[in-house]
Structure formats: structure tokens, C-alpha cells
Amino acid sequence: MKYKIYKIIIVNLFIIAVILLGSIIYKYQQRQANEKESKKVLEEFEQQQDNNEEDNENLQDNASEENDTKENTKIKMYGYEVIGTIKIPKIGIEYPILSIETSNPEKTKEPLKFSVVRYWGGEVNQLGNLSIAGHNNYDGTMFGKTKKLEVGDNVELKDLNNQTITYQIYHKFVTNPNDISVLKTENDQIREITLITCTQGNKERLILKAKKIK
């Protein structure tokens, strides 16, 4: 009788182990696929910016074609619009910044699976505070390595106008998930960004505040 019980327990543990291993492998493959797609989107974004610059130069050289300007084609990643890119040299990451159709932060859950997301704020590199959220992935992808950043480190944002602005981190702290004060700014006439990621098993949020370097 005891042998049968032990056998059942062992079989159940084996099944659980297989399920967990399968889940880990699946998540790993999904992240690898997302990283590959992210690099592809970054290349497409850079190419579009280069093309836009060439078009603008051609229009300036030929004033008669001034009215023939074409609207930029929106680049998307898995259906979500790319509004810019973020690059953090110290930790070697670069990602498209994805937008959502609403300012409701709850709507960020799905696109967060694929890249970093505009959590709150206006357009990239505009005046005011732009909050960008990213998952704290254990393999270091997304914002998984932002804990290594310190005050004084730089973050680079490129917008749809092919303008790159460097921001310098001036504050790093941990807060609770319900602290919406991190989304606000004391001065809406400056350019500021807030990087947000979860920590302590999603019980807290790691916050990095940065301002444009003058």
C-alpha cells in the first residue's frame, strides 16, 4: 500500500516537473522570438528615419514639391505602434517604445510582453514626464538589468523626428505599485523620463528618474 502511494507521489512530482520545465522552455522561446522581432523593428525604425531625412532634404532642394510631402508610415510591433526607441549603453539594451490607444495603464499588460511601453505621458522627447515601463525579466532582457543603473548614468531616447536626446538619472528608489506620484513632474517645462519595473516578486516597483542633459 505504501509502495503504491509513493509511486503515485513520484509520478505526480514527475508530471509537475515536466509541466514546469515545459513552461520555462516556452517562455524562453517566446522571449527569444520577441528579442529577434525587436531588433527587426529597430532596424525598420532607423531605416524609416533615414528615409524621412532624405525626403525632407529633397523637398527643401525643390520648393515646387513642397506640397507633395507624404505622411510617415506607422511602424508597428505585433500590432502596437512604435513611438520611439530607448537605448541604455551601460547595460547594453535597446528597444522600441510601444504605444497604446488609451492612457489607461491597465492596457499596458499585453504589449509589455513584447517590449517596453509608454506607461504614462506624451510623445517621446516632448516637455513633461514620459513614464516607460518594462518587465524585470530574469534573463536580463527588457528592464531586467536596470537595477545595475545608478545616479549619473545616461538613457537615450530617439523620437519620430529622428531626434536623439540623452537623459541623466538623478534619482533611484523603490516604491509600492500604487504610488502614482512617480508619474507626475514638478516642472512640465523640462524633459523628464521615468523608468518603471517590478521587483521583489512584483510587490514593489523600481523607479529611475532622469532629466535631459543641458
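The values are calculated or read from the model by the stated rules, or taken from the named source; none is laboratory data. Nothing here was measured: the structure is a model prediction, and the numbers come from that model. As a convention, Cβ positions derive from the backbone with ideal geometry for all residues, glycine included, and neighbour counts pool all protein chains shown. Side chains are part of the model used for accessible areas, which takes the heavy atoms of the whole protein and leaves out ligands, DNA and RNA. Shrake-Rupley method; radii C 1.70, N 1.55, O 1.52, S 1.80 Å.
Determine, yes or no, whether Val124 is assigned to a loop (DSSP other than H, G, I, E, B), hydrophobic (A, V, I, L, M, F, W, C) and open to solvent by less than 40 Å² (accessible area, probe 1.4 Å). The answer is yes for Val124. The set of residues from the stretch 139-198 being part of a helix (DSSP H, G or I) and in contact (Cβ under 8 Å) with a residue 40 or more places away in the chain comprises Thr146, Lys147, Lys148, Val182, Leu183.
Within the set Glu57, Glu44, Glu53, Glu35, the sole residue that is modelled with pLDDT of 75 or more and either of a type in the set (Gly, Ala, Ser) or open to solvent by 60 Å² or more (accessible area, probe 1.4 Å) (or both) turns out to be Glu44.
Considering every residue within the stretch 115-127, establish whether at least one is under 14 Å from Tyr95 (Cα atoms) and in contact with a helix residue (DSSP H, G or I) (Cβ under 6 Å, 6 or more places away or on another chain). Within the stretch 115-127 (the criterion being under 14 Å from Tyr95 (Cα atoms) and in contact with a helix residue (DSSP H, G or I) (Cβ under 6 Å, 6 or more places away or on another chain)), the answer is yes, since at least one residue qualifies.
Number of residues in the stretch 127-172 that are open to solvent by 70 Å² or more (accessible area, probe 1.4 Å) and of a type in the set (D, E, K, R): the value is 3. Could you check the stretch 76-129 and list, in sequence order, the residues that are modelled with pLDDT of 95 or more and acidic (Asp, Glu)? Of everything in the stretch 76-129, just one residue is modelled with pLDDT of 95 or more and acidic (Asp, Glu), namely Glu94. Out of all the residues in the stretch 173-183, is one or more closer than 17 Å to Asp153 by Cβ, at pLDDT 90 or above, open to solvent by less than 60 Å² (accessible area, probe 1.4 Å) and within 18 Å of the chain's Cα centre (by Cα)? Checked against the condition, which is being closer than 17 Å to Asp153 by Cβ, at pLDDT 90 or above, open to solvent by less than 60 Å² (accessible area, probe 1.4 Å) and within 18 Å of the chain's Cα centre (by Cα), the stretch 173-183 yields no hits at all.
Summed over the stretch 112-126, the residues that are without any contact (Cβ under 8 Å) to a residue 24 or more places away in the chain and within 15 Å of Val155 (Cβ to Cβ) give a count of 0.
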